[in-house]
Amino acid sequence: MYFGDYSYLEPIQRDNIATWANRLRDMLEAILKQGMTDGSIVQGETDLIVQLILGMLIWLAKWVPDIHKLTPERLMAAIEAFSFHGLESRD
């Protein structure tokens with residue numbers, strides 16, 4: 001996943017990254033919309049939720065080395081609890 005600045009790449013490389021990024025966003029939004037439709041996920045702004053999830057995943061590697069005793073496993077568990085279980089239906 002790469003959603004940073006890639007303006008320095010060749011046009012074909014930028015296009016390839018943009019195409020894959022759009023596909024990933026669309027797939028994640030579709031999963032969220034399906035869950036919201038069937039009631040397994042609470043209602044929310046799918047585009048914003050996808051950006052939140054991707055933002056956390058993208059910065060995972062950057063955060064971990066700088067925070068004392070924070071491992072990727074602990075951070076992923078927190079992301080899962082907040083992002084994924086936080087979206088679960090409350091029925």
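The values are calculated or read from the model by the stated rules, or taken from the named source; none is laboratory data. Worth saying up front: this structure is predicted, and the values here are computed from it rather than measured. Because the Cβ atoms are built from the backbone with ideal geometry, glycine has one as well, and the counts that use them run over all protein chains shown.
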- Give me the pairs, please: first residue somewhere in region 32-57 and among the hydroxyl-bearing types (Ser, Thr, Tyr), second residue anywhere and outside any helix (DSSP H, G or I), beta-carbon distance under 6 Å, and either six or more positions apart or on two chains. SER40/SER89
- Query: Out of (1) over 15 Å from ILE31 (Cβ atoms); (2) aliphatic (A, V, I, L, M); (3) surrounded by 13 or more Cβ atoms within 10 Å (Cβ to Cβ); (4) modelled with pLDDT of 80 or more, the odd one out for ALA77 is which?
  - Reply: (3)
- Message: For ILE12, only one of the following conditions fails: (1) at pLDDT below 90; (2) exposed (fewer than 11 other Cβ atoms within 10 Å of the Cβ); (3) of a type in the set (A, V, I, L, M, F, W, C). What is its number?
- Response: (1)
- Restricting attention to region 4-41, which residues are of a type in the set (Phe, Trp, Tyr) and out of contact with any helix residue (DSSP H, G or I) (no Cβ under 6 Å at 6 or more places or on another chain)? TYR8, TRP20
